[in-house]
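Heads up, the thing below is written out as structure tokens.
The values are calculated or read from the model by the stated rules, or taken from the named source; none is laboratory data. All values reported here derive from a predicted model rather than from experimental measurement. Because the Cβ atoms are built from the backbone with ideal geometry, glycine has one as well, and the counts that use them run over all protein chains shown. SASA here: full protein model, heavy atoms, side chains in, ligands and nucleic acids out. Shrake-Rupley method; radii C 1.70, N 1.55, O 1.52, S 1.80 Å.
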Amino acid sequence: MVQISALQYPEFRRYFVGQAVSVVGTWMQSVAGAWLVLQLSHDSAFALAVFGAFSYAPVLLFGLYAGTVVDRFSHRDVLLVTQAVSLVGAALYAVLTTTHIITLPMVMVLAAALGVNQALYFPARQATVLEMVGRGELASAVALNSTAFNLARIIGPAVGGIVIAAFGVAVCFWLNAVSYLGVIAALLTVRRRPRTEGPPQTAVQLIGEALRYVARTPSLAGLFLLLFVAGTFGANFNLVLPLFTRIVLHADADTLGYLFAAQGLGSLVGAITMTIAGGVLLEPRRIVMGGLLFAGMELVFLVMPSFGQSIVLLLVIGWSFAVYSIGTNTFVQVRSPDRMQGRMVSLYSMLFIGVTPIGNIWAGIVVIS
């Protein structure tokens, strides 16, 4: 039976609904941003790689410090601020694109600013969800959020591709800005919780404490190492798929939407798999097996370039990616003390999302050569 027990908590239920709407807009903006960069750079693979670096490098550079901020302040308040900043960023994209003022340097600056915001968002979201539902329902909440995220991965890019083809990229940015209103309204109804305080420490001491905890926990250390490899060389979908669509398939934005949707459908099935059998799949060796399947399917993707074959492979890639990433995420939070949630999730975000610019730059160089 699908584990939806986290929905019994009204605060989480309201947040879940608002977030489910918001992430659809986020995926639309993700597709629109990549397409905008290609338009402004005349299909430059390197420009798209740099855009990815500007978007995610702040998570790598400031991730651990962001975790200390989350652990020092009200988790809900930090999350609320990040959502407000995301709304403003989407609105700026929309205004600049609608008025045709937007330039490639402007896109890069906005991407970097929102990247810093993302460094705070990831740990604040996870820590706030834990406060809403408690440790006993954490696995259910993570699986439900992942299901909503991956459903949005199907809907957002598909709708985004259609909207871009029919109305242009600016409309995607406007819709994303509006989508944040629901999640902000939901967060305003969430009460602040008292934080679990440790002894007074500086940011450097807090980071050192988290790293020592990981070093003393072999299962966490091993999963974090694998996470670094997967994040660096495997999770480059936002860069690879637009390039694959334009350069290999010689197709338009609607085809890109279908490819993202196929990957998202596989990820959705993977997220549902985790809600049904998550407890069984949360053992470290089974999480690793999911990661190895993901790597194997990406290698097969290299030699199967047709549209139909790509759709099938992306379904499997999406499934294995979801099982691996959700399993790792849940395991990290379950094994982390409450007062370290921000720092541990920040470390997860750094090694899984923050390192993607390294892989993006490498992929861009490979394509150019």
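Can you pull out every residue in segment 151-176 that is within 19 Å of PHE122 (Cα to Cα) and open to solvent by less than 10 Å² (accessible area, probe 1.4 Å)?
Hits for segment 151-176 are ALA152, ASN176.
Give ARG339, ARG286, ARG343, ARG335 a once-over and let me know the one that is buried (at least 23 other Cβ atoms within 10 Å of the Cβ), of a type in the set (Lys, Arg) and either at pLDDT 85 or above or closer than 30 Å to ALA124 by Cβ (or both).
ARG343
Against the conditions (1) in contact (Cβ under 8 Å) with a residue 60 or more places away in the chain; (2) crowded, with 18+ Cβ neighbours inside 10 Å, where does THR103 fall short? Just the number, please.
Here THR103 meets the rest and fails (2).
Which condition from (1) out of contact with any Gly (no Cβ under 8 Å at 6 or more places or on another chain); (2) in a helix (DSSP H, G or I) is the one that GLY67 breaks?
For GLY67, the exception is condition (1).
Any residue that is assigned to a helix (DSSP H, G or I), free of Cβ contacts under 8 Å to residues at least 12 places away in the same chain and open to solvent by 50 Å² or more (accessible area, probe 1.4 Å) - is there at least one of those in segment 13-22?
yes
Run down VAL50, VAL59, VAL37 and say which single residue is open to solvent by 20 Å² or more (accessible area, probe 1.4 Å) and either farther than 18 Å from VAL355 by Cβ or in contact (Cβ under 8 Å) with a residue 12 or more places away in the chain (or both).
VAL50
Could you grab the pairs with beta carbons closer than 8 Å, sequence gap of 6+ or different chains, first residue in segment 214-227 and without any contact (Cβ under 8 Å) to a residue 24 or more places away in the chain, second one of a type outside the set (Gly, Ala, Ser) and surrounded by 14 or more Cβ atoms within 10 Å (Cβ to Cβ)?
Within 8 Å, the pairs are ALA221/VAL214.
When segment 73-100 is examined, which residues are found to be open to solvent by 30 Å² or more (accessible area, probe 1.4 Å), touching a residue at least 40 places away in the same chain (Cβ under 8 Å) and farther than 20 Å from VAL183 by Cβ?
Listed by number, the list holds a single entry, THR98.
If the Cβ limit is 6 Å and pairs must be 6+ apart or interchain, which residue in segment 255-271 that is open to solvent by 10 Å² or more (accessible area, probe 1.4 Å) pairs with which residue that is outside any helix (DSSP H, G or I) and among the charged types (D, E, K, R)?
none
What about THR328, is it of a type in the set (Val, Ile, Thr), surrounded by 21 or more Cβ atoms within 10 Å (Cβ to Cβ) and modelled with pLDDT under 75?
Against the criterion (of a type in the set (Val, Ile, Thr), surrounded by 21 or more Cβ atoms within 10 Å (Cβ to Cβ) and modelled with pLDDT under 75), THR328 does not qualify.
So ILE164 clears everything in (1) within 16 Å of the chain's Cα centre (by Cα); (2) over 26 Å from GLY354 (Cβ atoms) except one condition, right? Which one?
All conditions are met except number (1).
Identify all residues within segment 236-254 that are touching a residue at least 40 places away in the same chain (Cβ under 8 Å) and either β-branched (Val, Ile, Thr) or under 22 Å from ILE326 (Cβ atoms) (or both); write none if there are none.
Scanning segment 236-254 gives ASN236, ASN238, VAL240, ILE247, VAL248.
Could you list, in sequence order, all residues of segment 126-139 that are of a type outside the set (A, V, I, L, M, F, W, C) and surrounded by 22 or more Cβ atoms within 10 Å (Cβ to Cβ)?
Answer for segment 126-139, where residues must be of a type outside the set (A, V, I, L, M, F, W, C) and surrounded by 22 or more Cβ atoms within 10 Å (Cβ to Cβ): GLN126, THR128.
Which pairs turn up if I take residues in segment 288-309 that are charged (D, E, K, R) and look for partners that are part of a helix (DSSP H, G or I) and modelled with pLDDT of 80 or more with beta carbon separation below 7 Å, at least 6 apart in sequence or on another chain?
GLU298/ILE317
Against the condition in a helix (DSSP H, G or I), modelled with pLDDT of 85 or more and closer than 23 Å to GLY89 by Cβ, how does ASN145 come out, does it pass?
The answer is no for ASN145.
Being farther than 18 Å from ALA152 by Cβ and out of contact with any Phe, Trp or Tyr (no Cβ under 8 Å at 6 or more places or on another chain) is the filter here, so list the residues in segment 255-287 that pass it.
ILE276, ALA277, GLY278, GLY279, VAL280, LEU281, GLU283, ARG285, ARG286
Within the bounds of segment 31-48, is there any residue that is more than 14 Å from VAL129 (Cα to Cα), assigned to a helix (DSSP H, G or I) and touching a Cys at 6+ places or on another chain (Cβ under 8 Å)?
yes
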